[in-house]
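Engineer: So that we are looking at the same thing, I have put the structure below in structure tokens.
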Amino acid sequence: MTAKTEEQELDLTRAYEIAEEEYGKQGPIIRVLQKVQAEYGYIPPEYLPEMAEILEVPLAKIFGALTFYSQFYTSPRGKYIVKVCVGTACHVQGAKDILDRMKDELKVGAGETTEDMMFTLEPVACIGSCGLAPLCLINTETAANMTPAGMAGKIQAIVEKESAGVAEE
Amino acid sequence: MSTATTKVDTITVTINGQTIQVPKGTRIIQAAEMLGIEIPTFCYQPRMRPNAACRICTVEVTKPMNKMFMACATEMMDGMEVLTDSERTLKDRQTNLDLLLTQHPLDCPVCDKGGECKLQDYSVKYGSFENPFETKRKDFPEDIRSVALDFNSNRCILCGGCIQVCGDIQQVDAIGFSKRGFITVVGAPMGEALDCEFCGQCMDVCPVGAITSRFAKYKFRPWQEEKTQTTCTYCGCGCQYDLRTVDGEASRVTPIEGVGPGQGSLCVRGHFGYHFMEDDRRITRPLVRRGDKLVETTWEEAVSEAARGLAGAKAAGAGRVAGIAGGRLTNEEQYLFGRLVRDVLGSSNLDSSLRYGAINGVTVTREALGVTGMMNSFDEVRAADAVLLIGCDITQEAPILGLAVKEAIHKGEKPVLVADSMKTEIMKRGAGRLVYTPGTEIAVIKGLVKAVVDEGLIDEQVAKKYPKAVQALRSELSGTYKEIETPTGLKKDDIVALAKRFAAASKGIILAGPRVTGGLKGKSAMTMLVDLAFLTGGLTTPGAGVNAITMENNELGLALNGMAPELVPGGGSWDDAEARGKVATAWNCSLPNHQGDTMMEMFDAMREGRISAAIVAGTDPVGRLPQDAGAAEALGALDCLVVSDLFLSETAKRAHVVFPARSYAEKDGTVTNMEGRVQTITSCMKAPGKAASDWKIVSDIAREMGHPLEYANPGEIRAEAAALVPQFADTDVTNAARGGVSTEALEAWLAGGFGTGMGERYDLPAKLNEASGHEMRLYVGELLFHSGSMSTYNWGLMKINDAASLQLNSREARKLKIKEGDRVRLTGDRGSCVVTAKPDPNIMPGTLFFPRHSVLDDVRNLVQVVEGSEEEGSVPQFRFTRVTMEKVSGVAEAEASA
């Protein structure tokens, strides 16, 4: 019940502003989607019809772009995006073990978000730094030459930091 | 840019050893077509830019380089040589098909497309029977959520043609791709059910069976169907299509690429409105009145009773009989109906649905410029530099002409300027817009003419050549903008800006809709538009002009056949003794001396007993006009009312004799579209019971009255009619330009039309936008989905849209706490009723819109009819009225009133 109310009350003012800023510029769809995702962490689907109105582009085109690119998400994601590279080099260096450990640690499947909206676990195909394999990313911070235990430690540190932060408040 | 003077460069190219000269810019596939060489393609549509998605059209170019090219997208170079049947081409083609068939299901036996599927045909012709690739089938559930179109994504080959036609031609963008790669699907965005205009064009261009019609599903196999080219009879556009039948039953409608006004486009009515012919409610046998009841009788009995009644009234005195005809009748039927009334019945009281249609539009252009029908063809609209729409919701009222306007926007970024009393679909796409208070068209138009005169926007040549006429107009428009701003709610600057944009275009086309021609002082308003066109060079520039749209299918036929007391066959004026004499000579009769009554005058005469018998064919005045017009009382007071119709209309219910009439699919003949094209309709279905063509009914009555009008077929009638109406001599489905206005006609009008009557033309009615105690303005108008005569008898169209809800401004609705589905009470001077509300952002505050087609007569009957003066074409104004709106609070109250 409360969750639903929160969802309805999501303030999209900034998202509308973003669309208005891009109105009339060439090829605005992807730029607006990226900016809105940067602001909200995902693209709220209820925003799309209004975005189409503001930009005067067909909703079908926006929806096409949104669903084409894997970079866009339409549901809320965790505060921390944990990316585990499962590309060839990382795989050879034991990425699968890291991914399995993360699933156990966070109690979520691949691509899912923890109930407290703290972590989203995401296997990725290649980050492009195979020399550092196995490689993980927590938001923008790289974790090179990782081990399952090493990643678990990093997660634990974040959990502690976050709960301390809550206690302070 | 004038194409006439530009030298078109040609190049010489060779395909499969055959050499041909083609214009520069010709693509391989087009050149091949000129040579009669088939290149397979899934996604290429001649009307659209190449999509280059399906790659099946890949051909081998051997000179100047040796390479594979896509035939649909490659513009040819001089000296280019192409092989469409080389080993390499065929190998690539086969591989393409093999790859498509790794995914495409082999469900041809249950696929509606089977038998006319391009993938099937090409596979047979070019495919291999040993696919070397691994098969991987898709497994999407079929999307059957929309009311008319089903999406089977498993069959989709992702050529994108449907998305392109929706975006580029229909410009609705209702569908798009979603996802990526193997799981890409086509559909409405957000994963929702498709809810669009349902023009069905996506289905037409689909090369496979991915988009199919719910209404036709599993009902036919293409090879069982008979295909009959005919003319759509829903609106004045008159599109050509194939009506397909299986064992005499309509199976579906398919467009004909590149033919007729629509060039292969159809709208929802044309595409899916083919069920009314087979509706159970059709009248199948003649009916005669016995007391309160209409009972079935024999044809002979009905004819004899009708003839007796009409003859009795005729014997009692000249002019005691009246005739009213409609646009449902063919040219031939209208002609013969007119002859029955004027010759056999000897009465000049002949009127038609033109009176509540676009008579003011038709007569103004004819009287002023000698043009009956539109000045411009649809093609000229497509090529216009600017289009100005006034009181014309074109995408609803003439959808295919609407596509021509959209094409003008799409192709050339040409300004489309829209003035209307609501935010219409086309207005949103337009470059300039004026949203005015409903019912004030006359003032808006005056404002535009004034702006042209005041701001020095008059075409230089016109100013130089016709200084006297320009001066006459200038002196009429010396008033202030105040009298325009106050009623219309517009600002002077906005009017001037729109006028400037229109005047800047060299080929500007004006399109006037029903709110101009059927509005207050409609004839003056239309004449002012002719002035506007004149001042901006529209009457002296080829491809420019001023047009009124007609909304009924054969409305222009009514004008050409002289189906109004002020007209004679040939479209000439009744006042013109020579034109009248010509008709009398042709019919070998003497026509009545005086001009007859218009419809509203007839109603008065019927009520007062001066007219005692009438024949009505192909229109329903009682159902069409609000109660306030008094049609029901008038027709009900007659001693004899003869009606022919397909259904027991409100008028037919009051008749003494009812004849079952045939639909367009059961008879032969011609109809005239708003451009003036005379197009053929062809019988292909069996008429139910005793239903007969209206010309047959007229002929039988005439024979019974001892004045035979005998013809073997409609062709004979047309041949006779062509002596008076030269337009009927040729049936024409080509897209020829209309030719514009002759200098003589223009100068004759300037000499006459500007000498007298100008003063009244520019006088605004005193009561424009005057509140009468009711604060809301109610407009009763047309919807894309329904024209309201036959459309509501289509179960298919009713399934797509049967919404009879009152549209009101969404912000206003929020303020009044009215939500969609709430019941509201409308109260006017003519009563009150309760309807369902539907907030809509496109409706202006203070305004309400209700669809005319609705069977809820109550709303229509709220309208107070304003009878038009004779100078204004005697056109009753019945589209607007003023009402008070209040929310009905309790459910009980709502139910009680319902």
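The numbers here are math on the coordinates, done by the rules we state, and not lab data. Note that this is a predicted model, so its numbers are computed, not measured. All Cβ positions, even for glycine, are placed from backbone atoms using ideal geometry, and neighbour counts span all protein chains on display.
Engineer: First measure r as the distance between the Cβ atoms of A:GLN34 and B:LYS67, then evaluate 1/(1 + (r/R0)^6) with R0 = 30 Å and state the FRET efficiency to the nearest 0.05.
Structural biologist: On the way: r = 38 Å, r/R0 = 1.27.
With a Förster radius of 30 Å, E is 0.20.
Engineer: Let me ask something else. Take every Cα pair under 8 Å in segment B:68-138 that's 6+ residues apart, average their separations, divide by the length, and report that relative contact order as a whole percent.
Structural biologist: Details: 38 pairs, mean separation 28.3, N = 71.
Relative contact order of segment B:68-138: 40 percent.
Engineer: If I take R0 = 35 Å and measure r between the Cβ atoms of B:GLU820 and A:GLU115 in this structure, what FRET efficiency does the formula 1/(1 + (r/R0)^6) give, to the nearest 0.05?
Structural biologist: Values: r = 36 Å, r/R0 = 1.04.
Working from the Cβ atoms, E equals 0.45.
Engineer: A further question follows. Can you order the peptides A:43-51, B:284-292 by their average number of other Cβ atoms within 10 Å per residue, highest first? Let's see the in-between values first.
Structural biologist: Details: A:43-51: 17.8, B:284-292: 14.9.
Averaged packing, sorted descending, gives the order A:43-51, B:284-292.
Engineer: With axes computed from alpha carbons, what is the tilt in degrees of helix B:359-369 against the longest principal axis of chain B, rounded to the nearest 10 within 0 to 90?
Structural biologist: It is inclined by approximately 90 degrees.
Engineer: Taking 0.36 nm per residue of separation and subtracting the Cα-Cα distance, what length does fully extending B:ASP280 through B:ILE20 add? Write out the running numbers ahead of the final one.
Structural biologist: Values: separation 260, 0.36 × 260 = 93.60 nm, distance 5.64 nm.
Here the segment from B:ASP280 to B:ILE20 would lengthen by 88.0 nm.
Engineer: Still on this model: State which entries of B:LYS423/B:LYS446; B:LYS523/B:LYS817; B:LYS582/B:LYS767; B:LYS293/B:LYS696; A:LYS154/B:LYS179; B:LYS428/B:LYS464 exceed 32 angstrom in Cα-Cα distance in the structure shown. Walk me through the numbers before you get to the answer.
Structural biologist: Working: B:LYS423/B:LYS446 21 Å; B:LYS523/B:LYS817 41 Å; B:LYS582/B:LYS767 43 Å; B:LYS293/B:LYS696 25 Å; A:LYS154/B:LYS179 34 Å; B:LYS428/B:LYS464 37 Å.
Listed pairs above 32 Å: B:LYS523/B:LYS817; B:LYS582/B:LYS767; A:LYS154/B:LYS179; B:LYS428/B:LYS464.
Engineer: Oh, and also: Specify the angular offset, from 0 to 90 degrees and rounded to the nearest 10, of the alpha carbon long axis of helix B:522-535 from the longest principal axis of the alpha carbons in chain B.
Structural biologist: 50
Engineer: Would you pull out the residues with amide H under 5 Å of B:ALA661's amide H, same chain only if 5 or more places away, H placed 1.01 Å from N?
Structural biologist: B:ASP645, B:LEU646, B:ALA692
Engineer: Multiply the residue gap between B:ALA577 and B:THR486 by 0.36 nm, knock off their C-alpha separation, and tell me the result in nm, one decimal place.
Structural biologist: Result for the pair: 28.3 nm of gain on full extension.
Engineer: What are the equivalent ellipsoid semi-axes of segment B:336-430, built from the alpha-carbon gyration tensor (square roots of five times its eigenvalues), in whole angstrom, biggest first? Write out the running numbers ahead of the final one.
Structural biologist: Working: eigenvalues 239, 42, 26 Å².
After diagonalising the Cα gyration tensor, the semi-axes are 35, 15, 11 Å.
Engineer: Give the distance, in whole Å, between the Cα centre of segment B:601-679 and the Cα centre of segment B:427-479.
Structural biologist: Cα centroid of segment B:601-679 versus Cα centroid of segment B:427-479: 39 Å apart.
Engineer: Against the longest alpha carbon principal axis of chain B, how many degrees, from 0 to 90 and to the nearest 10, is the axis of helix B:87-103 turned?
Structural biologist: Tilt of helix B:87-103: around 70 degrees.
Engineer: For the pairs B:LYS219/B:LYS799; A:LYS96/A:LYS161; A:LYS35/B:LYS819; A:LYS61/B:LYS24; B:LYS118/B:LYS219; B:LYS491/B:LYS819, flag any whose C-alpha to C-alpha distance is greater than 25 Å.
Structural biologist: Working: B:LYS219/B:LYS799 18 Å; A:LYS96/A:LYS161 27 Å; A:LYS35/B:LYS819 34 Å; A:LYS61/B:LYS24 33 Å; B:LYS118/B:LYS219 20 Å; B:LYS491/B:LYS819 32 Å.
Cα-Cα > 25 Å for A:LYS96/A:LYS161; A:LYS35/B:LYS819; A:LYS61/B:LYS24; B:LYS491/B:LYS819; rest within.
Engineer: Further, regarding this structure: Output the DSSP H helices from chain A with an along-axis C-alpha extent of no less than 15 Å and a mean Kyte-Doolittle hydropathy no less than -1.0.
Structural biologist: Working: long enough: A:29-40 (16 Å, 0.23); A:95-106 (16 Å, -0.88); A:148-168 (30 Å, 0.14).
Those that clear 15 Å and a mean of -1.0 are A:29-40, A:95-106, A:148-168.
Engineer: Please compute, for peptide B:179-185, the average count of beta-carbon atoms on other protein chains lying within 10 Å of each residue's beta-carbon. Provide the component values of the computation, followed by the final result.
Structural biologist: On the way: counts 5, 5, 1, 0, 1, 3, 1.
Partner Cβ neighbours, averaged per residue: 2.
Engineer: Mind checking which of A:THR147, A:THR113, A:THR13 has the largest fluctuation in a GNM of chain A, springs on alpha carbons under 10 Å?
Structural biologist: Largest GNM mean-square fluctuation: A:THR13.
Engineer: Still on this structure, I have one more. From other protein chains only, count the Cβ atoms within 10 Å of every residue's Cβ in A:66-77, then give the mean. Write out the running numbers ahead of the final one.
Structural biologist: Details: counts 4, 11, 6, 1, 1, 0, 0, 0, 1, 0, 0, 0.
Average neighbour count from other chains, rounded to a whole number: 2.
Engineer: Which trypsin sites (Lys or Arg not before Pro) from segment B:774-873 combine a DSSP loop assignment with at most 13 other Cβ atoms within 10 Å? Walk me through the numbers on the way to the answer.
Structural biologist: On the way: sites: B:ARG777, B:LYS799, B:ARG811, B:ARG814, B:LYS815, B:LYS817, B:LYS819, B:ARG823, B:ARG825, B:ARG830, B:ARG852, B:ARG860; in loops: B:LYS817, B:LYS819, B:ARG830, B:ARG852.
Here the sparse-neighbourhood loop sites are B:LYS817, B:LYS819.
Engineer: Next question. Summarise the partner chain shielding of A:55-63 as one whole number: the mean count of Cβ atoms from other chains within 10 Å of each residue's Cβ. Display every interim value, and only then the final one.
Structural biologist: Numbers: counts 0, 2, 1, 10, 7, 15, 6, 3, 10.
Rounded to a whole number, the mean comes out at 6.
Engineer: Next up: Quick check on the exposure proxy: order B:CYS57, B:CYS640 from fewest to most C-beta atoms within 10 angstrom.
Structural biologist: Numbers: B:CYS57 27, B:CYS640 22.
The most exposed by this proxy come first: B:CYS640, B:CYS57.
Engineer: Which residues make up the longest stretch of chain B clear of chymotrypsin sites (Phe, Trp or Tyr not before Pro) that lie in a DSSP loop with no more than 14 other Cβ atoms within 10 Å, not counting the sites?
Structural biologist: Details: sites that count: B:PHE129, B:PHE133, B:TYR218.
The reported range is B:219-898.
Engineer: Please list, in chain and number order, the residues 5+ apart from B:ASN809 or on another chain whose amide H is under 5 Å from its amide H, with Hs placed from the backbone.
Structural biologist: For B:ASN809, whose amide H was placed from the backbone, the distant partners under 5 Å are B:ASP840, B:GLY846, B:THR847.
Engineer: Which whole-number percent is the relative contact order of segment B:374-548 (Cα, under 8 Å, 6+ apart)? If you can, show how the numbers build up before the last one.
Structural biologist: Details: 331 pairs, mean separation 55.4, N = 175.
This gives 32 percent for segment B:374-548.
Engineer: Using a cut-off of 10 Å between beta-carbons, work out the net charge of the residues near B:SER86 (Lys and Arg +1, Asp and Glu -1, B:SER86 not included).
Structural biologist: On the way: positive: B:ARG88, B:LYS91; negative: B:GLU60, B:ASP85, B:GLU87, B:ASP92.
After counting each charged neighbour, the total is -2.
Engineer: Moving to a separate point now. Show me the chymotrypsin sites (Phe, Trp or Tyr not before Pro) within segment A:63-169 that DSSP assigns to loop and that have at most 14 other Cβ atoms within 10 Å of their Cβ.
Structural biologist: Passing sites in segment A:63-169 are A:TYR69.
Engineer: What net charge is computed for the residues neighbouring B:ALA837, neighbours being all others with C-beta under 14 Å from the C-beta of B:ALA837, Lys and Arg scored +1, Asp and Glu -1?
Structural biologist: Details: positive: B:ARG811, B:ARG814, B:LYS815, B:LYS817, B:LYS819, B:ARG823, B:ARG825, B:LYS838, B:LYS887; negative: B:GLU812, B:GLU820, B:ASP822, B:ASP840, B:GLU886.
Result for the local shell: +4.
Engineer: For a footprinting-style exposure proxy, rank B:HIS271, B:HIS853, B:HIS774 by other Cβ within 10 Å, fewest first.
Structural biologist: On the way: B:HIS271 27, B:HIS853 21, B:HIS774 17.
In increasing order of surrounding Cβ atoms, one gets B:HIS774, B:HIS853, B:HIS271.
Engineer: Based on other C-beta atoms within 10 Å, arrange B:ARG342, B:ARG501 from fewest to most.
Structural biologist: Numbers: B:ARG342 26, B:ARG501 18.
Least crowded to most crowded, the residues run B:ARG501, B:ARG342.
Engineer: Give me the distance in nm between label points sitting 7 Å out from Cα along the Cα-to-Cβ direction at B:SER889 and B:GLU301, one decimal.
Structural biologist: 5.7
Engineer: Going Cα to Cα from B:LYS686, which aspartates and glutamates come in below 16 Å? Please leave out same-chain ones fewer than 8 positions away.
Structural biologist: The reachable aspartates and glutamates, counting only those whose Cα sits under 16 Å from B:LYS686, are B:GLU225, B:GLU226, B:ASP247, B:GLU249, B:GLU278, B:ASP279, B:ASP280, B:GLU666, B:ASP668, B:ASP694.
Engineer: Here's a follow-up. Under a plain spin-label model, where a point goes 7 Å from the Cα along Cα-to-Cβ, how far apart in nm are B:ASN131 and B:GLU116?
Structural biologist: 2.5
Engineer: May I pose another question? Would you compute, from DSSP H runs of 4+ residues alone, the mean residue ellipticity of chain A at 222 nm, taking -39500 (n - 2.57) per run and dividing by the full residue count, rounded to the nearest 500?
Structural biologist: On the way: 8 runs with 85 residues, N = 169.
After summing the helix terms and dividing by residue count, I get -15000 deg cm²/dmol.
Engineer: Do the sum for chain B: with -39,500 (n - 2.57) for every DSSP H run of n ≥ 4, divided by all residues, what is the mean residue ellipticity at 222 nm, to the nearest 500 deg cm²/dmol? It would help to have the intermediate numbers written out before the result.
Structural biologist: Working: 33 runs with 275 residues, N = 898.
Calculated from helices alone, the mean residue ellipticity at 222 nm is -8500 deg cm²/dmol.
Engineer: Please state the relative contact order of chain B as a whole percent: Cα pairs under 8 Å, 6+ residues apart?
Structural biologist: On the way: 1971 pairs, mean separation 117.4, N = 898.
It rounds to 13 percent for chain B.
Engineer: Loop only by DSSP, 16 or fewer other Cβ within 10 Å of the Cβ. Give me the GluC sites (Glu not before Pro) in segment B:555-620 that pass, ordered by residue number.
Structural biologist: Details: sites: B:GLU555, B:GLU566, B:GLU578, B:GLU601, B:GLU608; in loops: B:GLU566, B:GLU608.
Hits after loop and neighbour filter: B:GLU608.
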